[in-house]
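Shown next, in structure tokens, is the structure this report addresses.
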Amino acid sequence: MSLEDSLRSLSLDYLNLLINGQAFSDVTFQVEGRLVHAHRCILAARSLFFRKFFCGPDPPSGLDPTGGNSRAGPGTARPGVIPVNSVGYEVFLLLLQFLYSGQVSIVPQKHEPRPNCGERGCWHTHCTSAVDLALDTLAAARYFGVEQLALLTQVCY
């Protein structure tokens, strides 16, 4: 195994352990009813929004730093879980993948069933579903202040 292959394997091992891995996470988000686990230091290091959110005296609006409210009704976040209502689950995971690795594939997988795409065998390069995903990712990148992801999204489409 070459040094390059070894480093690539090590990087993949780290990513698999870190991205949405509950074991070592120190922050949990709730997006579209699903829990997403992350690491404050990585998010704060890679995004000014998250740095201000976790460390600043005046956190930006859009997320609740207290982790929800005291009334836990249906669909509300549990204490310690930060509700995210500004983006969807798939886009939030893409955002995290980019923050953790500096890389992301915004083009959906070929032949993968997608909402708003009724074509069988679609390659999802320019269908409505792919364009919606790119636009949602661009909006999330701008909302969370991840300009490199915004630029990457614009280049892809």
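Throughout, read-outs are computed from the coordinates displayed, never taken from laboratory work. All values derive from a computational prediction rather than experimental measurement. Glycine gets a Cβ as well: all are built from the backbone with ideal geometry, and neighbour counts include every protein chain shown.
Between Ser86 and Asp26, the modelled label-to-label distance comes to 2.2 nm, taking each label 7 Å out from Cα in the direction of the beta carbon.
Applying 1/(1 + (r/R0)^6) with r as the Cβ-Cβ distance of Arg40 and Glu147 and R0 = 22 angstrom yields a FRET efficiency of 0.60.
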